[in-house]
Amino acid sequence: MQTHWKKLTNPNYLGAYSIENNQDLILTIKNVREERVTGPDGKKADCVVCYFYENVKPMILNATNMKMITKLYKTPFIEEWADKKIQIGIEKVKAFGDIVDALRVRKTIPQTEQKEEIVKCSNCGNDIQSTGRLNSVQLAEYTIQKYGQALCSVCATKLAQEVQNNAD
């Protein structure tokens, strides 16, 4: 196996060089947050960084990729992107006066190998999505056991915070 030189200069984040044999990655978003990033040139910048459940490096999200996730999941709120699957591939783009390889979130939601049963959240009415650890049915069963109702991860998190705040 050969080593792409960019793996040596930008070791902390996913890049087009991270995709081997031109095979798209299907990843599950753990969380997205803004943080200060030091580039390979030593310059610091505030960037939006996406972390995944899978054992891969985080990805710096540019506006193009954030707009695509917004379009795919019909929400601009990064908190609602948690536990959502995205497919990442390489596209040629014009940048820095040249044509370069760039990571792009694909235009379709990745299909999982098994069709999941659709379960609705009792609170907001949205489909309960699988998390990195639980499928939608397992999450519904867990929240029914814990809270007495089937909840999506966003509503379950809000309810857990309310319960914690009331306990304090």
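The values are calculated or read from the model by the stated rules, or taken from the named source; none is laboratory data. Note that the structure is predicted; figures quoted are calculated from it, not measured. Please note: Cβ atoms are built from the backbone with ideal geometry, for glycine as well, and neighbour counts cover all protein chains shown. In case anyone asks, the SASA skips ligands and DNA or RNA and just uses the protein heavy atoms, side chains included. Shrake-Rupley method; radii C 1.70, N 1.55, O 1.52, S 1.80 Å.
Points worth noting:
- Estimated dipole of the chain in Debye, rounded to 20 [Cβ of Lys and Arg +1, of Asp and Glu -1, Cα centre]: 440 debye
- Using only side-chain charges placed at the Cβ, +1 for Lys and Arg and -1 for Asp and Glu, the dipole size of segment 12-96 relative to its Cα centre rounds to 220 debye.
- Taking 32 Å as the limit for the C-alpha separation, the pairs Lys44/Lys146; Lys74/Lys146; Lys30/Lys92 exceed it in the case of Lys44/Lys146.
- Candidates Val100, Val137, Val56: whichever shows maximal mean-square fluctuation once the chain is modelled as a Gaussian network with Cα springs under 10 Å: Val100
- Cα lying deepest toward the dipole's positive end in the chain, options Ala167, Thr70, Ala16, charges on Cβ: Ala16
- Whole-Å distance, taken between Cα centres, linking segment 66-118 and segment 25-57: 14 Å
- Between the listed residues Gly89, Val32, Cys152, the Cα displaced farthest toward the positive end of the dipole of segment 13-168, a dipole computed from Cβ unit charges relative to the Cα centre, is found at Gly89.
- Take every Cα pair under 8 Å whose residues are at least 6 apart in sequence, average their separation, divide by the length of segment 50-168, and the relative contact order is 17 percent.
- Inter-label distance for Cys124 and Val93, nm, one decimal - labels placed 7 Å from Cα along Cα-to-Cβ: 2.7 nm
- Of the accessible area of the chain, computed with a 1.4 Å probe over protein heavy atoms only, carbon and sulfur atoms account for 48 percent.
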